[in-house]
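The values are calculated or read from the model by the stated rules, or taken from the named source; none is laboratory data. Quantities reported herein were computed from a predicted structural model and do not represent experimental measurements. Every residue, glycine as well, gets a Cβ built from its backbone with ideal geometry; the counts of neighbours run over all protein chains shown.
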């Protein structure tokens, strides 16, 4: 297990400074949210930046995942739009093309996965119709990921069509791809009462390719600094260790960018001792 940080919590830093801050603090993984200034497809210098990222990650022995949930990147007027569920096929194609772009970047960087979510169900669609649309569009993305040799970490997200691990399980029955894995958000489990959290980690251990972590309160989808919510973290970390998870454990605090220099260090100082204790317990006779 490698302690990591999501760059959506570094939105007030340029990429070079943000990555340097993570390396200096001791992070071993980074969840790179493709965003304005962070490998944006709208940036003519993105190809150069990809190579700079690749060199930095190798030099500092930092692993990566690619995150695709930036706000207002594809539509300056509507957060996270368009999605794979967009009623307009031309709009959903924009999301598909973006995800292919992210897959290309992930492949070039040697990332563990490209992480994505379903999007919010359009009001005019029934649940089943929305699922059909998601499956059709996600099949296209998965085929491309298979060609590029990279996993897709699908994240159940509160408020979206696929919000729980139960609905993710339903999705896996409709898709047949060895590249379909899971991005598991610890706070989301707690928010939606998928508890005890350790039970869900154990159930999905074979699918886990990316883990997000933050504090949260029951029933409230708000990513909080550790200690500001209700989650007891040692059993969570212990469960990940017991299940043999070796990927990135990525702090996701996108609304804390204004205080990132402090939050980056405080998060590391909170999680690292818990991870070390879990490692000691795991290796104890």
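Some notes on this structure:
- Of the residues making up the stretch 217-230, those that are crowded, with 16+ Cβ neighbours inside 10 Å and more than 19 Å from the chain's Cα centre (by Cα) number 1.
- Here residue 190 fulfils each of the conditions (1) more than 30 Å from residue 231 (Cα to Cα); (2) assigned to a helix (DSSP H, G or I) apart from (1).
- Among (1) surrounded by fewer than 22 Cβ atoms within 10 Å (Cβ to Cβ); (2) in contact with a helix residue (DSSP H, G or I) (Cβ under 7 Å, 6 or more places away or on another chain); (3) not in a loop (DSSP other than H, G, I, E, B), the one test that residue 121 misses: (3)
Matching residues to (1) touching a strand residue (DSSP E or B) at 6+ places or on another chain (Cβ under 9 Å); (2) within 26 Å of residue 95 (Cα to Cα):
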position: 5; (1), (2): yes, yes
position: 44; (1), (2): no, yes
position: 56; (1), (2): no, no
position: 68; (1), (2): yes, yes
position: 74; (1), (2): no, yes
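- Total residues in the stretch 69-118, condition part of a loop (DSSP other than H, G, I, E, B) and closer than 19 Å to residue 146 by Cβ: 4
- The stretch 232-267, residues that are closer than 21 Å to residue 115 by Cβ and part of a helix (DSSP H, G or I): 236, 237, 239, 240, 254, 255, 256, 257, 260, 263, 264, 267
- Test: residue in the stretch 199-214 that is farther than 19 Å from residue 117 by Cα, without any contact (Cβ under 8 Å) to a residue 40 or more places away in the chain and not in a helix (DSSP H, G or I): no
- Single residue of 189, 125 found to be under 28 Å from residue 215 (Cβ atoms) and out of contact with any strand residue (DSSP E or B) (no Cβ under 6 Å at 6 or more places or on another chain): 189
- Qualifying positions in the stretch 152-172 - in contact with a helix residue (DSSP H, G or I) (Cβ under 6 Å, 6 or more places away or on another chain) and under 15 Å from residue 120 (Cα atoms): 156, 158, 161, 162
- Of all residues in the stretch 25-41 being over 18 Å from the mean Cα position of the chain (by Cα) and within 18 Å of residue 256 (Cβ to Cβ), the one that is modelled with the lowest pLDDT: 37
- Checking each residue of the stretch 123-131 against the condition of being at pLDDT 95 or above and closer than 30 Å to residue 62 by Cβ gives no match.
- Candidate set from the stretch 42-68 (those that are within 21 Å of the chain's Cα centre (by Cα) and in a loop (DSSP other than H, G, I, E, B)); member that is nearest to residue 9 (Cα to Cα): 68
- Among residues of the stretch 63-97, those that are more than 24 Å from residue 255 (Cα to Cα) and either touching a residue at least 24 places away in the same chain (Cβ under 8 Å) or crowded, with 18+ Cβ neighbours inside 10 Å (or both), counted: 6
- Some residue of the stretch 31-45 being on the phi > 0 side of the Ramachandran plot, in contact (Cβ under 8 Å) with a residue 12 or more places away in the chain and buried (at least 21 other Cβ atoms within 10 Å of the Cβ): yes
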